[in-house]
1. Identify all residues within segment 94-107 that are assigned to a helix (DSSP H, G or I), of a type in the set (D, E, K, R) and surrounded by 10 or more Cβ atoms within 10 Å (Cβ to Cβ); write none if there are none.
2. Mind checking which pairs have a first residue in segment 122-140 that is in the same structural domain as Met153 (by TED's automatic domain parsing) and a second that is in a helix (DSSP H, G or I) and of a type in the set (Phe, Trp, Tyr), Cβ under 6 Å, 6 or more apart or different chains?
3. Find the helices (runs of 4 or more DSSP H) located wholly in segment 1-49 whose residues include 2 or more that are small (Gly, Ala, Ser), and list them.
4. Quick one: which of Leu73, Leu78, Leu96 is free of Cβ contacts under 8 Å to residues at least 12 places away in the same chain and hydrophobic (A, V, I, L, M, F, W, C)?
5. Return the residues of segment 158-179 that are closer than 19 Å to Tyr30 by Cβ and surrounded by fewer than 15 Cβ atoms within 10 Å (Cβ to Cβ); say none if nothing qualifies.
6. Among the numbered conditions (1) surrounded by fewer than 11 Cβ atoms within 10 Å (Cβ to Cβ); (2) more than 22 Å from Trp32 (Cβ to Cβ), tell me where Glu129 comes up short.
7. Please verify whether segment 46-61 includes one or more residues that are over 27 Å from Tyr12 (Cα atoms) and not assigned by TED's automatic domain parsing to the domain that holds Asp171.
8. Just checking, does segment 20-33 include any residue being surrounded by fewer than 17 Cβ atoms within 10 Å (Cβ to Cβ), among the β-branched types (Val, Ile, Thr) and within 25 Å of Val131 (Cα to Cα)?
Amino acid sequence: MLKHGILGLLNYGEMTGYEIMEVFRDSLNYFWDAKTSQIYRELQGLEQKEWVSKRVVPQSGKPDKNIYSITELGQRELLRWLADDDLGLRIKTPVLMKVFFLGERSADENIRYFEQIKEKCELFLKSLEAVPRHIDTYNKMIGQEDKALYWQMTVEYGRRSMQMQREWAQDCIRRLEGK
């Protein structure tokens, strides 16, 4: 999945590995986390598959700069992945696996657990406040208003998902306090 995220970003224009990480941090990281080392490892794999090409720009006094761009093969792979019938809907939810077995602990411990979920959701929702600014910045960079609409829809999904999880955690707390 990460490789397709990188291909999607490079489809907007060429970037260095550092620039990919920055854009990733400001956009995709809200729903797919990746470390810098993972991105560079994926770039090597994408280059081996000839889905991206690398142009080396010599720099004096510091390491050479590697600039990556998507190839025609990479664009075909990106479009193949986008057209794939797998909708990406998954039922594997680690938090629910844990909740299923929380009956092994005390209600007080579990109330604290659900309070942590609520706090994480609230932090995530707070972090989304910066996203419209990021969308505006990257939209200006690539100048394709129609693509920004999809970025906005992605943010809205994340916002609604976090709101639902926060409300669910609050409901769980109420139920445990009523025991």
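The values are calculated or read from the model by the stated rules, or taken from the named source; none is laboratory data. The structure displayed is predicted, hence computed values, not measured ones. FYI the Cβ positions are ideal-geometry reconstructions off the backbone, even for glycines, and counts take in every protein chain you see.
1. Of everything in segment 94-107, just one residue is assigned to a helix (DSSP H, G or I), of a type in the set (D, E, K, R) and surrounded by 10 or more Cβ atoms within 10 Å (Cβ to Cβ), namely Lys98.
2. Once the first residue is in the same structural domain as Met153 (by TED's automatic domain parsing) and sits in segment 122-140, its partners that are in a helix (DSSP H, G or I) and of a type in the set (Phe, Trp, Tyr) give Ile135/Trp151.
3. Fully inside segment 1-49 and qualifying: 2-12, 36-48.
4. Leu96
5. Arg160, Ser161, Gln163, Met164
6. Exception for Glu129: condition (2).
7. yes
8. Taking every residue of segment 20-33 in turn, none turns out to be surrounded by fewer than 17 Cβ atoms within 10 Å (Cβ to Cβ), among the β-branched types (Val, Ile, Thr) and within 25 Å of Val131 (Cα to Cα).
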